Structures are given as structure tokens and as C-alpha cells.
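Input: a single structure, listed below in C-alpha cells.
The values are calculated or read from the model by the stated rules, or taken from the named source; none is laboratory data. These numbers come from a predicted model, not from an experiment. No Cβ is skipped: glycine too gets one built from the backbone with ideal geometry, and neighbour counts run over all protein chains shown. Areas reflect the complete protein model, heavy atoms only, side chains present, ligands, DNA and RNA absent. Shrake-Rupley method; radii C 1.70, N 1.55, O 1.52, S 1.80 Å.
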Amino acid sequence: MEQRMKMISLFTVLAVVIGLFANAGRKLFQWMGPLFPGIGPLAYGIAYGLAVTGILGAFIVSRVPGHGALAPVFYVCHYLLGFIVYMVMFVHLAGLLLFLGGLFRLLPAPLSRRAGAAAGAIPLFLSAFLAVYGAVHGAVIQIKPYEIQVGGQTQVKAPLRIALISDLHLGYVIGAHHLEKVIDAVNSTKPDLVCIAGDIFDGDATALSDPDALRDLFLKIDSVYGVYACLGNHDAGPSYDRMLEFLAASGIRVLEDEAVVIDGRFVLAGRKDSFPIGRQGERRGSLTLPQTAEDLPVIVLDHQPGNIREYGEGTDLILCGHTHQGQMFPFNLVTDAVFDVDYGYYRASAGAPQVIVTSGAGTWGPPQRVATDNEVAEILVMLSVRQ
């Protein structure tokens, strides 16, 4: 019964998506068709359908491992995906405004040829502008600073400087060029510890065009205590074992529901993902802290901020990613509504763990950022023993 409901939900979502794209194409032809009398509705429908189906189809196929030969097609279609998503939204927004304008008799009915052309051209222009802006902005790595106190009130030794990144999504689109900028930003913070909060891969380790170059870039990370990571929902699937081999060769220690004491100063724990997309070894289990860690601050890497309610007073700081802060407006409004915290600093109460959620250093789907940033979180932690 549960499987049947999932299938019904999936087909419902697909039907809605197909309907939205089809209706957007219909409206564009209705508004702009008179400008191109030589193009009939059949020819336009075929061309529009092939273009949209090709872009969406390439994105879907890129989720299936083992299609490296199509990497250039996937790369282009991921950029176009951002354009057509905005196109659908803006066309329907324009349709709503025209409907309201006609309802309140603010616009003539039917629309003039010039008004119809404007109704179609403006959404296309805005979509193209945001797609280009998002691609340019998404290539920039920001540094987001935080300063927090964990443990008791008496500071012990020097502060701990953590560079937190997540959601690189290395694969067909995100490669060495982008990772090099991320590593440069990480090293610029002069970190004591580098933490990666999951989704290092985009679901397929075979999609890496130059694994050796990526490995060499990770090995350039300069930190006192090294690089630690937890697994994200995309760090799974048929190439899971190859992912772990790559990370080990890159000098990254993956914590899978385990904790380590670092320099006798603090405990760092990492969790397996709670909802991996595919195989990820053993399922997420419980977390047991070392007996020597009773008085030390505890920092946990957990990819999904939806899990923060699992932790109590025994945890001081939780570092998460996953949300991308919505990545592209207006989806940041959705993540803000879904999660207790989709970005930034959060603490539910005085006795609850402190939480920092980064928007990530990479992108999923369209390699574009609108109203959000690709970032490295620079966290200055004042460490102290429990009292």
C-alpha cells in the first residue's frame, strides 16, 4: 500500500510538472505567435516539446550512473534547466497578472498584438537575465563568518577555527575549476579543522572527469587537524565504495556514525545520512561517544538539518548542509518554511545544541545561485570544558 501511494504521488507530481511546462508553451505561442505568422502551432509545439523534453530528459539521465560520454550535453542542459524553470514561473505569473488585469478591466480584451508580444517577451528576458546572473554569481565563493562559545564559560586554550563546506556535488557540472576556488577560500581562513557536511559527490563517482586533479586539490587543504566529513544523501549509490576510496586517497576522513577525540580538546562526530539516495553501506545507526569525552565539547557533522532534534544537551554544536538555502529564489522561501533552520545560526533554547547550516559550496541541478551564495563558513569556536 505504501509503495502504491508513492507511485501515485510520483505520477501526480510528474503530471503537474508536464502540465505547467505545456501550459507555459501554449501561452507563449498565444502571445507571441502573431509575430511569426510563418510558424504554425504544430511546428511550434513540436519544437517547444523537443527542446523542453531534451533539457529535462538530459537532467534525468544524468542522475543514472555510467553516462560519461554524454557529459558535454549534461553540462549545457543543466544551465538551460535554470532558464526553463524561471521561464515557466514568469510565464504563469504574467498570465495571472493579465487575468487580474482583465478581471478588473485594467487591460483590454483581447490583448493588442503589441501587449501580447510584451507579455511573452518580458518573462523570456527575465528568465535569461536571472539564468546568466545566477551562473555568474554561482561561480563566486563567499566566506561567511561565525563566532560562538561552546561548553562552559571558561575558555580553554586558543579558539578553534573551523572551515565548514558542504554540497560540492562533484560530477558532470562541478569539477576541478570550481573546486580550486573552494579550496583557495578554505585555505584563506587558515583553519585548524576543515569539516565537510556531506554531498561531496552528485550521486556518481564515475561522473568525475578528472579524479586525479580533484584529489590533488583536496590534498592542498592546509589545516592543523586535517579534513573530516560526513556523508550526504547524494554520497550513495552503485559507486559508493569508489567514493570512499576517493575520499581516503584525498586525505579526507569520513566519520560514519563514529566520533573521535581531537588533540584532547574536543570531540568530533560524523553521521551517515538519514535518507541516502541509493546504497550507502550499513544504514544509519546510533552514535556512541568515547568514554574519554565526558567533559569535552562535542561537535557533530550531520548533513540534514532536519535531524537536529535528535540531539540533546550532550551535543554542543551541529554542523549541517543539504538545503542549499533553496539555491535559487523563490525556493529559499520553501526551505525556510520546511526546516527549523535552513541557513545560518540557530538554537532552539538555552539548553539545546547550537546549529550552523551552510548554504553549500556547490550547486545541484542548475549551476546557478539567485538570492543565495556559494560559501565557506568560517567558524571561530571558543572551546571550554563542561561545568
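A few remarks follow.
- Whenever a residue of the range 176-205 is over 20 Å from Gly138 (Cα atoms), its partners that are aromatic (Phe, Trp, Tyr) and outside any helix (DSSP H, G or I), lying with C-beta atoms within less than 8 angstrom and at least six residues away or across chains, give the pairs Asp192/Tyr225; Leu193/Tyr225; Leu193/Tyr228; Val194/Tyr228; Cys195/Tyr228.
- Residues in the range 333-345 that are in contact with a helix residue (DSSP H, G or I) (Cβ under 8 Å, 6 or more places away or on another chain) and not in a helix (DSSP H, G or I): Phe339, Asp340, Val341, Asp342, Tyr343.
- Residues within the range 114-149 that are modelled with pLDDT under 95 and either open to solvent by 60 Å² or more (accessible area, probe 1.4 Å) or charged (D, E, K, R) (or both), tallied: 2
- Considering residues of the range 35-45 that are surrounded by 13 or more Cβ atoms within 10 Å (Cβ to Cβ) and not β-branched (Val, Ile, Thr) only, the residue farthest from Leu80 (Cα to Cα): Leu35
- Residues that are open to solvent by less than 60 Å² (accessible area, probe 1.4 Å) and either out of contact with any helix residue (DSSP H, G or I) (no Cβ under 7 Å at 6 or more places or on another chain) or over 15 Å from Leu14 (Cβ atoms) (or both) within the range 52-65 comprise Gly54, Ile55, Leu56, Gly57, Ala58, Val61, Ser62, Pro65, listed in sequence order.
- Pairing residues of the range 46-63 that are closer than 13 Å to Leu81 by Cα with residues that are modelled with pLDDT under 95 and surrounded by fewer than 12 Cβ atoms within 10 Å (Cβ to Cβ), at Cβ distances under 8 Å and at least 6 apart in sequence or on separate chains, gives no pairs at all.
- Filter pass, Ile183 being under 20 Å from Val376 (Cα atoms), at pLDDT 95 or above, aliphatic (A, V, I, L, M) and not in a helix (DSSP H, G or I): no
- Scanning the range 314-358 for residues that are touching a residue at least 12 places away in the same chain (Cβ under 8 Å) and among the acidic types (Asp, Glu) gives Asp316, Asp340, Asp342.
- Residue match in the range 89-105 (condition: in contact (Cβ under 8 Å) with a residue 12 or more places away in the chain and among the basic types (Lys, Arg)): no
- Pick from the range 344-387, criterion at pLDDT 95 or above and basic (Lys, Arg), ranking: surrounded by the fewest Cβ atoms within 10 Å (Cβ to Cβ): Arg347
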